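One structure is given here, and the rest of the page talks about it.
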């Protein structure tokens with residue numbers, strides 16, 4: 001059972017249910033490149049990826065960062081995400097499964113709920129270190 | 001673009017393409033929200049030809065390719081499918097480390113704030129990863 005404060009907001013330290021995405025194949029990277037307009041060849045060209053020391057093309061960081069929104073929405077439907085930011089630390093490569101995780105770092109009616117997020121692929125270091133701010137639907141962004 | 005200079009693009013009128021937004025949602029595990037764009041959808045606008053050309057030009061001059069270093073999206077209100085918005089973009093070239101900072105401001109046509117987005121692209125010399 002999730003512990004909540006009197007405000008109904010999540011407790012500091014609460015861990016979000018993990019979400020697994022991928023593995024993404026070349027077609028998936030090509031589809032994202034097409035729909036997003038991100039035609040950086042590093043994501044699609046094996047030889048270019050190899051030239052910078054990667055075993056396979058990296059998955060577009062934005063494709064992974066964007067997936068946090070789904071995890072956050074599934075976690076708490078009474079909260080809305082108002083801010084999402086992430087640093088792309090380590091490439092997640094084509095063919096690797098990616099696990100999204102998160103933990104509540106701050107929970108305040110005034111400042112919102114701050115969640116620290118990680119995306120992990122095969123490498124030991126996280127692929128993405130991110131943060132999101134969520135607010136109750138009642139005083140969040142206008143939808 | 002010279003280091004420390006800033007290229008301003010816009011204001012540009014933008015609108016969510018419902019079909020493209022649905023496809024973007026599918027490709028980013030965000031299905032299920034039918035009338036609000038995924039919060040990362042403005043990435044589509046940041047790949048517009050004029051932005052793309054500015055990035056490509058900076059990369060060519062630096063004999064580098066862009067590596068996405070960080071990204072942020074912050075919203076005052078959701079981006080709807082049925083509304084027009086105004087997008088202003090500023091692209092700055094930074095020298096140490098070599099990178100491009102792309103800042104975008106999205107407002108309603110009446111000037112009300114909607115969202116702020118920032119992309120940092122590291123410029124990686126051909127043949128090497130950044131240290």
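Annotations
- Calculated [θ] (222 nm, deg cm²/dmol) that DSSP helices of n ≥ 4 give over chain A, each run adding -39,500 (n - 2.57): -6500 deg cm²/dmol
- C-alpha long axis of helix B:49-61 to longest principal axis of chain B, angle in °: 10 degrees
- Each label was represented as a point 7 Å from its Cα along the Cα-to-Cβ direction; for residue B:18 and residue B:82 these points are 0.9 nm apart.
- Residue-averaged 222 nm ellipticity for chain B, from DSSP H runs of 4+ at -39500 (n - 2.57), nearest 500: -5500 deg cm²/dmol
- FRET efficiency, 1/(1 + (r/R0)^6) with R0 41 Å, evaluated for residue B:101 and residue A:31 via beta carbons: 0.90
- The stretch B:59-94 and the stretch A:35-97 have their alpha-carbon centroids 16 Å apart.
- Kirkwood Rh in Å, taken over all unlike Cα pairs in the stretch A:56-143: 13.5 Å
- Acute angle (nearest 10 degrees) that the helix A:61-75 long axis makes with the longest principal axis of chain A, alpha-carbon atoms: 30 degrees
- Measuring max minus min along each principal axis, the C-alpha atoms of the stretch B:1-72 give extents of 43, 26, 18 Å (largest first).
- The long axis of helix B:18-27 is offset from the longest Cα principal axis of chain B by roughly 60 degrees.
- All C-alpha to C-alpha distances of the protein assembly as shown, sorted into 5 Å bins beginning at zero, yield P(r) values of 1, 6, 13, 17, 19, 17, 14, 9, 4, 1, 0, 0 percent in whole numbers.
- 25 Å tail of the calculated P(r), the stretch B:6-125, as % of Cα pairs: 26 percent
Computed from the coordinates by the stated procedures, all read-outs in this text should not be read as laboratory data. Fair warning: this is a prediction, and the values are worked out from it, not measured in the lab. Counting neighbours? That spans all protein chains shown, and the Cβs are built from the backbone with ideal geometry, glycine included.
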